[in-house]
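Reading through the structure tokens given below for one structure.
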Amino acid sequence: MIKEERQKALLALLDKQEFVKVTDITDKINVTEMTVRRDLKELEEQGKLIRVHGGAKASAKKDLSRFELSHIEKKNIHLTEKEAVAKNIAQQIQTGDTVFLGPGTTIELVYDYLECDFAKIVTNSIHVFDKFKNDSRFELILIGGSYRSKTGAFVGTIANDTVTNIQVYKAFIGVNGILDNFVTNSNEDEGVTQRIILQSAHIKYIIADHFKLDKQDFYKFYSLSEADYLITDQTIPSDVLARYEKIITIIH
């Protein structure tokens, strides 16, 4: 089977189900795992699917995402781009800053690249908290509330009451999708908490690797133009960069 036929058959499988495993593809198309992984990489670069650990899921593109991935599943997607974004975030955090770090597998990586001597870190993410909790350089505040095991975030009335009454200098908020001027995620409770902290922050950063641009998810919680910066990775396509630079200053 030639490459075009393989890839067409692979995309046909994704049309029938939300997620396919590499092993399922090899069985149904009768090719090696190496060939499948190469095809998945090419199709992802074309924006036709999203690779996840052990397989692939259909690309949301400009359509609504059909399901929310778990924290573990998200950790294995676009890791190179996430590391690049995390490095860019770390460069924005200076000694003495009071910073809010929102939930998200990209933001969890920020700790690994920080070089400041001291900062106050506020978060509603148990996973971010776990990265910082044993480092005496940081004053660490974990905001409580109703726990979402899907993402490791604390949300709801208790969380919102807390973030309403604090002021941070910089807030870094991850998203599931950005479409034009709309910033979106999968859950309205998380979105409300993120909106509140953005409204109180002096400098507002939206965090998204370039794969999340021109995509949307369930809940629109903020306008991109109301933030100060969008932090993404350096492999953002030039045409996409040009469009979004008309809305917000981009760090990449």
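Readers should treat all values here as calculations from the given coordinates under stated rules, not as data from a laboratory. Just so we're clear, the structure is a prediction, and the values are computed from it rather than from any experiment. Please note: Cβ atoms are built from the backbone with ideal geometry, for glycine as well, and neighbour counts cover all protein chains shown.
Some notes on this structure:
- For Cα extents along the principal axes in Å, the value calculated from this model appears in [x] 64, 42, 36; [y] 60, 38, 34; [z] 54, 42, 30 under label [y].
- With contacts taken as Cα pairs under 8 Å at a separation of at least 6 residues, region 3-59 carries a relative contact order of 36 percent.
- Build a GNM of the chain with springs between Cα atoms under 10 Å apart, and of Ala90, Ala12, Ala201 the one that fluctuates most is Ala12.
- When only the Cβ of Lys, Arg, Asp and Glu is charged (+1, +1, -1, -1), the dipole of the chain relative to its Cα centre reaches about 400 debye.
- Sequence-distant aspartates and glutamates (8 or more away, or on other chains) whose Cα lies within less than 20 Å of Lys133: Asp97, Glu108, Asp112, Glu115, Asp117
- Farthest positive-ward along the chain dipole, Cα basis, beta-carbon charges - from Leu49, Ile143, Val192: Leu49
- Mean-position separation - Cα centroids, region 197-251 and region 78-105, in angstrom: 14
- On Cα atoms only, tilt of 33-45 relative to the major axis of the chain in degrees: 60
- Packing rank of 110-119, 154-163, where each peptide gets the mean count of other beta carbons within 10 Å, highest leading: 154-163, 110-119
- Pairs of Cα atoms nearer than 8 Å and 6+ residues apart set the relative contact order; for region 158-226 it is 45 percent.
- Residue-averaged [θ]222 nm for the chain, counting only DSSP H segments that reach four residues, each worth -39500 (n - 2.57): -10500 deg cm²/dmol
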